Amino acid sequence: MKTPTGRFRVADKIGEGMPIGTIFKSRRPVKPTKKLLQEEDLIMTRILWLDGLERRNANTHGRYVYIHGTNREENIGTAASIGCVRMRNADVAELFELVTVDTPVVIRP
């Protein structure tokens with residue numbers, strides 16, 4: 001359940017127009033609660049849903065591997081997710097505006 005590597009494409013963009021810090025469950029925005037905010041590794045702000053283009057990462061879309069914001073920005077750069085690429089919320093919001101569906105993505109070890 002590690003982050004897959006190789007070539008991908010942005011298959012879908014989710015969260016356009018939502019405020020930075022929006023929490024998503026099943027790709028839908030939800031109302032934040034105190035309990036929810038204490039959860040590990042929330043999916044926040046924007047979602048760039050990846051689709052693997054190689055045999056070794058072809059299951060990426062079905063595994064729901066995203067580039068997304070997080071409630072644990074202090075963990076950026078460490079292995080702390082089950083496959084997603086986590087970014088600072090402000091950074092993923094900026095990236096979201098710069099890419100389109102089908103934008104190529106390369107993830108290296």
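Do you know which residues across segment 96-109 are outside any loop (DSSP other than H, G, I, E, B), touching a residue at least 60 places away in the same chain (Cβ under 8 Å) and open to solvent by 40 Å² or more (accessible area, probe 1.4 Å)? Please lay out each step first, then the result.
Quick first cut of segment 96-109, residues outside any loop (DSSP other than H, G, I, E, B) only: 96-98, 104-107.
This time we only want the ones that are touching a residue at least 60 places away in the same chain (Cβ under 8 Å), so: 96, 104-107.
Within segment 96-109, 104, 106 qualify.
Does segment 3-17 include one or more residues that are more than 14 Å from the chain's Cα centre (by Cα), assigned to a loop (DSSP other than H, G, I, E, B) and not aromatic (Phe, Trp, Tyr)? Let's see the steps before the verdict.
To start, the set of residues in segment 3-17 that are more than 14 Å from the chain's Cα centre (by Cα) comprises 5-7, 17.
Filter once more, so that each one left must be assigned to a loop (DSSP other than H, G, I, E, B): 5, 17.
Then drop every residue that is not not aromatic (Phe, Trp, Tyr), which leaves 5, 17.
Yes, there is a match, as at least one residue in segment 3-17 is more than 14 Å from the chain's Cα centre (by Cα), assigned to a loop (DSSP other than H, G, I, E, B) and not aromatic (Phe, Trp, Tyr).
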TODO: Identify all residues within segment 26-42 that are within 19 Å of residue 97 (Cα to Cα) and either hydrophobic (A, V, I, L, M, F, W, C) or assigned to a helix (DSSP H, G or I) (or both); write none if there are none.
DONE: none
Open item on the list: Suppose the filter is open to solvent by 30 Å² or more (accessible area, probe 1.4 Å), in contact with a Lys or Arg (Cβ under 6 Å, 6 or more places away or on another chain), of a type in the set (Asp, Glu) and farther than 21 Å from residue 7 by Cα; does residue 40 pass it?
Closed with: no
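Output the residue which, of all residues in segment 64-95 that are touching a residue at least 60 places away in the same chain (Cβ under 8 Å) and within 22 Å of residue 6 (Cα to Cα), is surrounded by the fewest Cβ atoms within 10 Å (Cβ to Cβ). Spell out the reasoning first.
Quick first cut of segment 64-95, residues touching a residue at least 60 places away in the same chain (Cβ under 8 Å) only: 65, 79, 81-85, 89-90, 93.
This time we only want the ones that are within 22 Å of residue 6 (Cα to Cα), so: 65, 79, 81-85.
Numbers: 65: 26, 79: 8, 81: 20, 82: 12, 83: 14, 84: 21, 85: 18.
If we take residues in segment 64-95 being touching a residue at least 60 places away in the same chain (Cβ under 8 Å) and within 22 Å of residue 6 (Cα to Cα), then 79 is surrounded by the fewest Cβ atoms within 10 Å (Cβ to Cβ).
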TODO: Mind counting the residues in segment 43-73 that are out of contact with any His (no Cβ under 9 Å at 6 or more places or on another chain) and either at pLDDT below 90 or not in a helix (DSSP H, G or I) (or both)?
DONE: 17
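The values are calculated or read from the model by the stated rules, or taken from the named source; none is laboratory data. Everything numeric here is computed off the predicted structure, so don't read it as measured data. Neighbour counts are summed over all protein chains in view; Cβ atoms, including those assigned to glycine, are modelled from backbone coordinates with ideal geometry. We work out accessible area using only protein heavy atoms, side chains counted, and drop any ligands, DNA or RNA first. Shrake-Rupley method; radii C 1.70, N 1.55, O 1.52, S 1.80 Å.
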